[in-house]
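**Q** What follows is a structure written as structure tokens; I'll ask about it next.
The values are calculated or read from the model by the stated rules, or taken from the named source; none is laboratory data. Keep in mind it's a predicted model, so treat the numbers as computed, not measured. Virtual Cβ from ideal backbone geometry, glycine too; neighbours counted across all protein chains shown. Areas reflect the complete protein model, heavy atoms only, side chains present, ligands, DNA and RNA absent. Shrake-Rupley method; radii C 1.70, N 1.55, O 1.52, S 1.80 Å.
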Amino acid sequence: MNYDFIAIGDIVTDAFIRLQDAEIHCDIKHEDCQICLRFGDKVPYESVTVVPAVGNSPNAATSAARLGLKSAIITNLGDDQNGTEAIETLDKNGVETVFVTKHRGQKTNYHYVLWYQDDRTILIRHEEYAYALPEFTTKWVYLSSLGENSLPFHSKIAEHLAQHPEIKLAFQPGTFQIKLGYEKLKNLYEHTEIFFCNVDEARRILNRKDSNEEKEAEIKNLLREISSLGPKIVVITDGKDGAYASDGNNTWFMKPYPDPKPPLERTGAGDSFASTVVSALALGKSLPEALRWGPINSMSVVQQIGAQAGLLTREKLEEYLKNAPADYSPKMI
């Protein structure tokens, strides 16, 4: 089958534990923050919400399907109840599961999300699966978070893309992919059509420390340096302050879409932004047009629990776009 969008990456069940008795301690710049609980005590929590079939790539595949693309996912899970629920959830969301591999005797990834105020800290554990790449055709591959034992699998992906130069790659590296470093993933960086990361991740990828430069100047430098690694388009998100993008010729700043009310929790905001931009490109939109789409899905996602409940259909997203403020457009910088 021919697909518009195939996401590759690990799948996980998230258990959101809403805390009511914690403290946040930050440095003087309010950047290096820690969540603190009383040690050796019984700490009450408000609620637990379990959300199956999430993770950067499943979130992206679901986002693309909601926006009308023919979407599938290449992922691995265990032969447990969490794995069964993950497949059922993907099916319900219109994501093709023919490339999902269930591993006998193994567990499905399970993360604990410590949810406090409107943000979260995630306790992660990736199972070690025997990764294998099936044959497939698609217009776009969306590659994101994989486990620490996945380096040979990345080489297989790079080989497949080299054999199929018509496939465009969107790369949103996860924690372990950033840890692997550029040299080990060089072939993927060089094939990348569009690359996504946040400001802190960009610094880690480039082995740069926090800069004393003015923010816009620093981010423009980060965009240029990551572009030199191979990606044709680089997008760097800056949390609640918006996003920056460069195609090598022009650089834009895209402001957030106005929140209708204070965010409930921010899990999946980055995934929804990146996958929506890629989906818009897959639907034939220009990069500036796609940058207008991304923040709308992010705005919607942070109003719900988890990374997928707030993902919009194309019809609903275009309704928000129609009602956007007059100045809601990318600004060239």
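**Q** Across region 62-89, what is the number of residues that are surrounded by fewer than 19 Cβ atoms within 10 Å (Cβ to Cβ) and within 14 Å of Y3 (Cα to Cα)?
**A** Residues meeting the conditions: 2.
**Q** To continue, here is another question. Can you name every residue in region 146-198 that is β-branched (V, I, T), in contact (Cβ under 8 Å) with a residue 40 or more places away in the chain and surrounded by fewer than 20 Cβ atoms within 10 Å (Cβ to Cβ)?
**A** If the condition is that a residue be β-branched (V, I, T), in contact (Cβ under 8 Å) with a residue 40 or more places away in the chain and surrounded by fewer than 20 Cβ atoms within 10 Å (Cβ to Cβ), then T175 is the only one that fits.
**Q** Kindly indicate the residue of region 123-145 that is farther than 27 Å from K168 by Cβ and of a type in the set (D, E) and also least open to solvent (accessible area, probe 1.4 Å) among those meeting that condition.
**A** E127
**Q** Is there a residue in region 290-306 that is in contact (Cβ under 8 Å) with a residue 12 or more places away in the chain, open to solvent by 10 Å² or more (accessible area, probe 1.4 Å), touching a Pro at 6+ places or on another chain (Cβ under 7 Å) and in a loop (DSSP other than H, G, I, E, B)?
**A** yes
**Q** Also, I was wondering about something else. Out of T75, T62, report the one residue that is over 30 Å from L19 (Cα atoms) and of a type in the set (S, T, N, Q).
**A** T75
**Q** Does L185 qualify as being of a type outside the set (S, T, Y), at pLDDT 95 or above and in a helix (DSSP H, G or I)? Steps first, answer last, please.
**A** Numbers: of a type outside the set (S, T, Y): yes; at pLDDT 95 or above: yes; in a helix (DSSP H, G or I): yes.
Against the criterion (of a type outside the set (S, T, Y), at pLDDT 95 or above and in a helix (DSSP H, G or I)), L185 qualifies.
**Q** In region 227-262, how many are closer than 17 Å to L206 by Cα, assigned to a loop (DSSP other than H, G, I, E, B) and polar (S, T, N, Q)?
**A** The qualifying residues number 1.
**Q** What number of residues within region 199-230 satisfy the criterion of being of a type in the set (S, T, Y) and open to solvent by 80 Å² or more (accessible area, probe 1.4 Å)?
**A** 1
**Q** Right, something else. Select from region 242-274 the residues that are surrounded by fewer than 23 Cβ atoms within 10 Å (Cβ to Cβ), more than 17 Å from G306 (Cβ to Cβ) and within 17 Å of the chain's Cα centre (by Cα) and list them in ascending order.
**A** G242, P256
**Q** Inside region 188-226, can you point out the residues that are more than 17 Å from S144 (Cβ to Cβ), of a type in the set (G, A, S) and assigned to a helix (DSSP H, G or I)?
**A** A217
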